[in-house]
1. At 0.36 nm per residue, and after removing the present C-alpha to C-alpha distance, how many nm does the segment from B:ALA66 to B:TYR131 gain when stretched out fully?
2. Given a Förster distance of 25 Å, report the FRET efficiency between A:LEU140 and A:ASP391 from their Cβ-Cβ distance, rounded to the nearest 0.05.
3. Highest GNM mean-square fluctuation, chain B, Cα pairs closer than 10 Å: which of B:ASP69, B:ASP119, B:ASP106?
4. Tell me: how much accessible area in total is hidden between A and B, 1.4 Å probe, Å², nearest 100?
5. Could you pull out the trypsin sites (Lys or Arg not before Pro) across region A:128-189 that fall in loop regions by DSSP (anything but H, G, I, E, B) with no more than 12 other Cβ atoms inside 10 Å?
6. May I ask you to derive the FRET efficiency for A:ALA334 and B:LYS17 from their Cβ-Cβ distance with R0 = 41 Å, giving the value to the nearest 0.05?
7. Whose amide H sits under 5 Å from the amide H of A:GLY46, counting only residues 5 or more places off or on another chain, with H placed in the peptide plane?
8. Per-residue HN-Hα couplings for region A:134-146, Karplus 6.51 cos²θ - 1.76 cosθ + 1.60 at θ = phi - 60°, whole Hz, x for Gly and Pro?
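The values are calculated or read from the model by the stated rules, or taken from the named source; none is laboratory data. In this text, all values refer to a predicted model and were calculated from it rather than measured experimentally. Here the Cβ is made from the backbone with ideal geometry for all residues, glycine too, and neighbour counts use every protein chain on show. Ligands, DNA and RNA are excluded from the accessible area calculation, which covers all protein heavy atoms including side chains. Shrake-Rupley method; radii C 1.70, N 1.55, O 1.52, S 1.80 Å.
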Amino acid sequence: MTSILVHVDQLPTAFRTAPMPRHRVDARQWNQAGEALAAGELTLLGLWAHGATVHMALLDQAANRIGIVSLGNRRGSFPSIGRLHAPAIRLERTIADMSGLEPEDAPDSRPWLDHGRWGVSHPLGKLETSWAKAKPYPFLPVEGESLHQIPVGPVHAGIIEPGHFRFTAQGETVVRLEARLGYVHKGIEKLIQGGDLERGMTLAGRTSGDSTVACQWAYAQAVEAALAVKVPARALYIRAIMAELERLANHLGDFGAICNDAAFAMMLAQAGVLRENVLRAADTCFGHRFMRDCVVPGGVSRDLTAEGVATLQALVAAIRERFPKLVALYDNTASLLDRTVATGYLKPELARQFGAGGFVGRASGRDFDVRRNLAYAPYDELAFEVPARDDGDVNARVWIRIEEIRQSLSLIGQCLVSLPDGPVRAEIPVAGEPREGIGLVEGFRGDILVWLALDAKGRIARCHLRDPSWFQWPLLEAVIEDNIVADFPLCNKSFNCSYSGHDL
Amino acid sequence: MHRFLLEGLLGRPLTEKPPVPADIEELGAAMAKAAQTRLGRSLSIRQVDAGSCNGCELEIHALNNAYYDLERFGLHFVASPRHADVLLVTGPVTKNMAEALKRTYDATPDPKWVVAAGDCAANGGCFAGSYAVVGGVSEIVPVDLTISGCPPTPTALLEGLLAILEQSARPAKAG
């Protein structure tokens with residue numbers, strides 16, 4: 001089955017520089033792919049529909065190869081992958097909501113993003129006015145003695161994105177958590193459709209506010225691959241600097257916030273200062289604290305000046321000096337470790353099955369990082385380590401972040417030293433024919449996938465954005481089981497899944 | 001641990017001078033009502049994400065860091081709309097969040113103010129016109145103040161919130 005991914009004439013990373021070919025398959029091969037996923041031979045990277053065709057992106061982790069299989073012409077339905085491989089279930093429910101294609105024999109036929117409030121149905125397929133009123137959402141039944149339910153959200157107690165969590169608890173212990181998402185669905189994929197490349201870039205940068213660089217980079221990669229654009233070396237290095245600054249800011253913020261959720265507020269104050277320093281340096285160098293709209297198809301919109309280099313060097317030196325003291329404080333505070341160690345354990349088996357990206361996967365034995373496994377420039381020229389461990393609790397996820405902060409500091413330092421000269425933006429040609437491309441970037445949460453289809457005039461026929469949270473949200477439901485309700489904020493923060501990136 | 005505490009006691013604070021409160025005309029009418037003096041120089045804020053990309057939330061979080069130190073002004077975030085004087089709303093209001101926003105507003109006791117933070121909250125931003133988006137915050141609840149930016153910087157947020165504080169602390173006009 002894995003042979004389906006191998007193009008004999010293509011290098012594993014050929015998709016980085018050229019349009020991505022798809023394998024048109026029949027229903028039998030489609031099901032075989034599902035079985036290979038269930039058997040663990042392949043990992044699911046994405047599942048989406050374009051018109052009446054369903055596309056599935058697959059990863060062969062052992063060979064570091066990816067591929068897309070497509071199943072078309074099925075009169076409004078396709079064989080469910082979710083019935084074989086659970087991670088596909090929510091993706092299929094979304095396809096049914098958005099495109100109106102039905103997964104046959106799917107284990108869960110409830111709507112997912114469509115709450116019955118849009119006034120239309122199937123916005124990406126045959127758009128129809130819908131008069132249906134919002135119905136109560138049927139949560140999965142939980143049976144047993146002395147159980148009670150705790151509904152939380154969509155408006156939460158903190159400064160957090162909206163989502164609904166339905167806890168079923170027995171005393172203090174959580175028996176089941178079921179999340180309901182989709183509250184921040186903005187119809188991004190529909191808004192992009194028919195737009196030009198700039199419209200796509202604007203919206204890609206606003207899918208998940210904390211990953212704006214990573215999302216725009218993945219989008220830019222998809223454009224550049226589809227049109228075979230060669231990006232100047234200097235632009236690639238500047239992109240890497242921005243991406244690592246973003247990772248640094250997010251990890252520092254979350255490191256503090258996780259400790260704060262264990263009532264250790266001082267760490268939030270200390271880490272918050274470092275995070276603010278990163279954002280201010282980004283603002284000084286690139287004109288925006290989150291570096292939004294700085295990565296553009298063809299390169300970057302802002303060059304890095306000599307003063308900018310000095311600012312970043314000073315930033316790296318300051319964090320290198322300060323951060324180890326915070327790490328020592330974390331490691332020497334027994335009351336804090338008492339909350340994080342053994343809390344929210346994610347089994348390596350589940351991390352592998354769901355293809356959990358980022359620190360969630362790497363803290364549970366899934367040693368995968370797009371920057372290394374499916375390397376893209378300039379990471380193929382930089383030296384870094386990918387931390388991985390398999391103890392899988394909140395503490396493990398904290399430590400992966402700590403290690404990644406160290407790696408990001410090193411990567412920024414390397415980029416600053418070896419920053420090439422030259423232009424920072426290449427022209428984007430019009431192909432004159434339909435083109436497709438794929439972008440795959442390691443954001444701070446994990447692998448972000450963007451699939452793009454352009455028409456002959458260079459307008460966007462379809463753009464699919466898959467946030468890493470798709471494969472992490474279901475795992476949060478698994479790790480909270482048998483933990484106490486009071487530890488949920490801690491578990492949740494240690495995952496820090498994106499609502500907006502997921503809901504789109 | 002002791003070293004950190006000592007450092008905090010003996011070191012120079014990182015907290016910066018407050019910005020000048022924004023001079024905002026639209027606030028005037030909303031604030032002229034009576035009963036505002038009761039609140040004194042303190043306001044409780046309930047943040048509601050009605051569909052944002054999370055960018056605005058990150059900057060609202062930053063208000064709590066040592067540089068901006070929101071609480072020194074008597075402003076603080078609360079966990080329930082029932083404890084709030086101000087609703088700080090972000091995002092284009094999505095259709096899936098419109099009812100939750102309305103209900104949060106209804107649960108907030110009078111007198112109350114609504115601040116729409118960010119370009120999306122102002123008018124839907126780049127998401128305006130989508131089948132899944134109602135538009136700006138004012139489509140659902142009355143807005144007293146809009147703070148622009150994508151996202152607004154912590155300084156811009158602070159300027160707006162301080163303007164509300166100034167207004168609410170002013171003696172109410174007779175009549």
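1. Values: separation 65, 0.36 × 65 = 23.40 nm, distance 4.07 nm.
Full-extension gain reported as 19.3 nm.
2. On the way: r = 29 Å, r/R0 = 1.18.
Efficiency at R0 = 25 Å is approximately 0.25.
3. B:ASP106
4. Numbers: alone 19610 and 9830 Å², together 25480 Å².
Adding both sides of the contact gives about 4000 Å².
5. Details: sites: A:LYS133, A:ARG166, A:ARG176, A:ARG180, A:LYS186; in loops: A:LYS133, A:LYS186.
Of the trypsin sites (Lys or Arg not before Pro), the ones in loops of region A:128-189 whose Cβ has at most 12 other Cβ atoms within 10 Å are A:LYS133.
6. 0.55
7. Here A:ALA57 satisfy the definition.
8. 4, 9, x, 7, x, 6, 5, x, 10, 10, x, 7, 6
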